[in-house]
Structures are given as C-alpha cells and as structure tokens.
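Report on one structure; see the data block that follows.
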Amino acid sequence: MRPKPAAAPRPDLDAELNNLAMSKAAQPLFDAVKKHIDENVAPMSEEFFRLGEGRKDPWSWAPGQLELLEVAKNKAKASGLWNFFLPNSEIGQGLTNLDYAYIAAELGKQPLASETLNCSAPDTGNMEVLERVGTPEQKEKWLKPLLNGEIRSAYAMTEPNVASSDAKNITTRAELVGGEWVINGEKYYISGAGDPRCKIMIVMVKTSPDASPQFQQSQILVPMDTPGVRILGPMQVFGHDHAPRGHMHLKFENVRVPESNILLGEGRGFEISQVRLGPGRIHHCMRSIGQAEKALDLLVKRGANRTAFGKQIIQLGKNLETVSRARIEIEAMRLMVLKAAKAMDVLGNREARVWVSMVKAMVPEKVCQIIDQAIQIHGATGISQWTPLADMYTNQRHLRFADGPDEVHHMVVGRAELSRH
C-alpha cells in the first residue's frame with residue numbers, strides 16, 4: 001500500500017475544510033451515544049471501580065468487574081453503537097473522522113465509555129491497521145475477535161535505551177530464519193500489555209538495517225503467549241501502575257513467529273504508521289475535549305458551592321476570568337480538533353499530518369492547564385481520591401509524550417510553516 005500521490009489542489013478546498021458541521025446521518029448516533037453513557041455507563045462505573053479496590057492480585061480483574069462491563073457492551077452492541085472509530089469503512093458505522101470527533105468528545109467524559117463501544121486505544125489503532133493492511137488470515141485470527149470486543153491488544157514501539165520519538169532509532173531486531181521471524185530487543189511503556197485479556201501485540205522492529213532509513217523498520221504481529229516474550233514489570237505513571245491494564249516493560253528473547261505475521265511487507269513499518277498514527281493521535285485529542293469539559297464543570301460547581309471570606313469562591317480573585325479563559329480554550333480546541341478531523345477526511349492522513357500535529361501539540365497542554373485550575377479551586381480535595389481530577393491530570397500529562405512528544409509535533413508544524421516561505 002504505497003502512498004498515493006497528492007491530489008491537485010481544489011479551488012474550494014478552504015471552504016470544504018472549514019465546513020465542520022456534523023452530518024445529518026450521524027446526529028441520531030450522537031444522541032444515542034449520549035443516552036448510552038447516561039443510562040448504561042455512568043450508573044455502573046462507580047460499582048465497577050469499587051469492586052476493583054483491594055483485590056488480592058492487582059494484575060487481574062476482580063469478580064464482577066468484567067461482567068458489569070460486558071452488560072454495558074452488550075447493550076451498546078444491541079443498539080448498534082459499536083466500532084465507530086473506523087472512518088469510511090464497511091465495518092462498524094463507517095463514520096467520517098469529523099463525525100467521530102463529536103462522539104469521541106462525549107466518550108472522553110466517562111473513563112469506561114470508550115471500551116463499552118469497543119473504541120478504546122490501543123485497540124482502535126491496531127484494528128485500523130489490521131483492517132487496512134492485514135491479510136485475510138490475519139484478519140480472521142486477530143481482527144475478528146478484536147472487532148467483537150472479545151480480546152484486547154497492545155502496540156509495542158517505545159524503547160528505554162534510545163530516543164524513540166525518532167522511530168529510526170528503534171533497535172529491536174527481527175531476523176528471518178527458516179521461515180520464522182526471530183525477535184530480540186526491549187520495549188517499555190507498552191500500554192495495555194498487563195491486561196489478562198491482551199492477546200496480541202503489533203511490534204515495531206528493525207528488519208532491514210542495510211536499507212535506506214525509512215525502509216529499515218517493519219511491524220510484526222506477536223501473540224502475548226509466544227515463548228520468549230517476558231513481562232519484566234509495570235512502568236509507573238506519576239507513581240501509579242494502572243493495574244491491571246498497565247504500561248509494561250517487555251523483553252523479547254529469541255521470540256519466534258511465522259514469517260506470515262509481518263504486516264504489509266518487510267521495510268514498510270513507517271508506511272503502516274501513516275495508517276495508524278494520524279487517527280490514533282486525533283482520537284486522544286477528541287477525548288481530551290471531553291475531559292476539559294468535565295474539569296470545567298467540576299470547577300464551576302465547586303466554586304459555586306463553597307464560600308470563603310464572605311463570597312462564593314468562584315467570585316474571588318480572578319476565578320471568573322479563569323472560567324472564561326477555560327471556556328474560550330475549550331471552544332478553540334474543539335474547532336481545531338474538528339478541522340484536523342475534517343482535514344483527514346478531505347486530504348487523507350498523510351497530507352493532513354500538519355493539522356494532526358497542531359492539535360496534538362496544543363490540546364493535551366491546554367487540557368492539563370484547565371484540569372490544574374479545577375484542582376486549585378478544589379483545594380486539597382483536588383489532589384485526593386475524592387475527585388477524578390488527579391487521575392485526569394496525570395492522564396493528560398502523559399499524552400504530551402504518547403504518540404510523539406510535543407517537540408516533534410511543533411517541529412512538524414514549524415517546518416511546514418517555513419516551507420510556505
């Protein structure tokens with residue numbers, strides 16, 4: 001699947017990119033998702049997390065947790081609310097990136113909402129890769145159970161000993177020996193790899209060290225139970241291991257998988273990344289808008305319900321300006337994310353790269369700021385377990401590394417701007 005040549009510029013391109021309205025066909029789905037979150041996700045979420053407290057084995061789900069989740073998933077399936085994330089595909093609803101952006105912002109308001117619709121990372125990116133470039137056999141074995149929500153998956157790229165923000169630095173080696181890929185190397189912060197439901201990884205490896213830099217890397221399917229795949233332990237995020245999903249430190253020691261487990265072909269790892277990373281990055285940003293909305297809602301409610309020095313806290317100092325700026329930032333971010341989604345629909349993932357980098361550099365930083373302001377309004381409670389704000393903050397802060405650090409995205413945008421001059 002070689003990149004298509006860029007299409008000739010269209011005179012109406014700016015007008016098309018700035019038409020950010022949700023399609024009429026997607027509006028009923030959007031309304032149904034909001035109803036599903038209110039009626040099926042929010043009511044069970046508190047019980048889900050309560051059941052998980054104090055479990056003996058942190059790397060397993062407590063009795064009753066997955067059963068609650070499955071009930072919500074089955075209700076979503078029965079309502080046709082399933083696999084929204086695949087743009088312009090016959091699988092799922094075939095929504096555009098723009099339509100999905102509206103829905104994903106709602107999913108971001110509830111931590112379990114995405115999974116109940118089978119729209120959770122890293123499965124979304126992995127399923128999109130398999131749907132776009134997988135062989136019939138790969139789709140039958142791995143895509144089908146992923147699409148059915150029966151298993152989870154992981155994506156293994158980042159390495160502890162090199163600057164992985166430049167994927168050309170990846171050193172995990174895969175050599176073809178007797179019809180098998182033999183893999184040796186080390187990966188870390190592999191999200192979801194601790195989940196007992198995680199059965200398959202897509203692993204970025206170096207297969208062709210003598211090729212030109214952009215053709216040295218490949219992506220290979222590696223089942224979690226393959227001999228030689230060792231989980232060394234969880235990597236913490238601000239002191240939390242996020243068990244049982246976790247962000248794992250892995251070692252590959254003479255891991256052998258069939259030659260047919262390669263995706264698309266040898267040396268085409270970067271090409272696959274163009275399929276995966278654009279949508280994956282923007283999905284994070286879409287959900288982050290929902291997180292910002294939730295944080296602002298908590299900020300205002302707390303500020304209006306507490307008094308100090310004879311006034312509502314929300315009326316003290318510059319707190320009204322803080323609320324104003326948060327609302328302005330949210331609406332600005334929303335428009336930017338919608339435009340990036342529309343750019344992917346109109347231009348394709350490759351040509352829309354600069355738009356995706358713009359929002360990936362902007363959104364997590366701004367959302368962190370809004371959550372931080374909500375924490376401040378709550379006082380000491382804001383950093384406690386009594387609100388979701390501390391977890392929301394650490395989640396957003398780590399997004400400034402995930403799918404490329406801020407600096408890489410600013411480099412993409414800055415270079416594009418220089419090229420115009």
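The values are calculated or read from the model by the stated rules, or taken from the named source; none is laboratory data. Just so it is clear, the model here is predicted, and its values are computed rather than measured. Here the Cβ is made from the backbone with ideal geometry for all residues, glycine too, and neighbour counts use every protein chain on show. Heads up: the accessible areas ignore ligands, DNA and RNA and are worked out on the full protein's heavy atoms, side chains in. Shrake-Rupley method; radii C 1.70, N 1.55, O 1.52, S 1.80 Å.
Please report the accessible area of Trp61 (heavy atoms, 1.4 Å probe, ligands and nucleic acids excluded) in Å², nearest 10.
Accessible surface of Trp61 is approximately 40 Å².
Please report Rg over Rh for the chain, where both radii come from the alpha carbon positions and Rh follows the Kirkwood definition.
Details: Rg = 21.8 Å, Rh = 22.6 Å.
Computed over Cα atoms, the ratio is 0.97.
Whole number in Å², please: accessible area per residue of the chain, 1.4 Å probe, ligands, DNA and RNA not counted.
47 Å²
What are the radius of gyration and Dmax of the stretch 291-409, computed over its Cα atoms and given in Å?
When restricted to the Cα atoms of the stretch 291-409, Rg and Dmax are 16.5, 56 Å.
By per-residue mean of other Cβ atoms within 10 Å, what is the highest-first order of 293-305, 122-134?
Values: 293-305: 18.5, 122-134: 22.2.
Ranking, from highest mean packing down: 122-134, 293-305.
Helix 319-347 sits at what angle to the longest principal axis of the chain, using alpha carbons and giving 0 to 90 degrees rounded to 10?
Approximately 30 degrees, to the nearest ten.
Skipping prolines and chain starts, which residues have an amide H placed within reach, meaning under 5 Å, of the one on Gly108, given they are 5 or more residues away or on another chain?
Those qualifying (amide H under 5 Å, at least 5 residues apart or on another chain) are Gly290.
Tally Lys/Arg at +1 and Asp/Glu at -1 over every other residue whose Cβ is under 15 Å from the Cβ of Asn161; what's the total?
Cβ neighbours under 15 Å give a net charge of +2.
Relative to the first principal axis of the alpha-carbon coordinates of the chain, what is the inclination of helix 389-398, with its axis defined by its Cα atoms, in degrees from 0 to 90 and to the nearest 10?
With rounding to tens, the tilt is 40 degrees.
Let me have the relative contact order for the chain, percent, based on Cα pairs under 8 Å that are six or more residues apart.
Here the relative contact order equals 15 percent.
What pairs in Lys144/Lys366; Lys56/Lys206; Lys56/Lys144; Lys77/Lys141; Lys139/Lys294; Lys77/Lys206 have C-alpha atoms more than 31 Å from each other?
With Cα atoms farther than 31 Å apart: Lys144/Lys366; Lys56/Lys206; Lys56/Lys144; Lys139/Lys294; Lys77/Lys206.
Under a point-charge model restricted to the Cβ atoms of Lys and Arg (+1) and Asp and Glu (-1), what is the dipole moment magnitude of the stretch 339-421 relative to its Cα centre, in debye to the nearest 20?
280 debye
What is the sum of charges, Lys and Arg at +1 and Asp and Glu at -1, for the other residues whose Cβ falls under 13 Å from the Cβ of Pro405?
Details: positive: Arg281, Lys360, Arg397, Arg400; negative: Asp166, Glu365, Asp403, Asp406, Glu407.
Local net charge: -1.
Net charge near Val354, counting Lys/Arg +1 and Asp/Glu -1 over other residues with Cβ under 10 Å of its Cβ?
Taking every other residue near Val354 into account, the sum is 0.
For the chain, which whole percent of the accessible surface, found with a 1.4 angstrom probe, sits on carbon and sulfur atoms?
Working: 10510 of 19870 Å².
For the chain, the apolar C and S fraction of the accessible surface comes to 53 percent.
Suppose the chain between Asp225 and Thr307 were pulled fully straight at 0.36 nm per residue; how much longer would it get relative to their current alpha carbon spacing?
Answer, rounded to one decimal: 23.9 nm.
Enter the angle in degrees (range 0 to 90, nearest 10) between the Cα long axis of helix 406-419 and the first principal axis of the Cα atoms of the chain, meaning the one along which they spread out most.
80 degrees
What would the Debye equation give as log₁₀ I(q)/I(0) for the stretch 79-230 at q = 0.09, 0.11, 0.18 Å⁻¹, counting only Cα atoms as equal point scatterers?
-0.33, -0.48, -1.15
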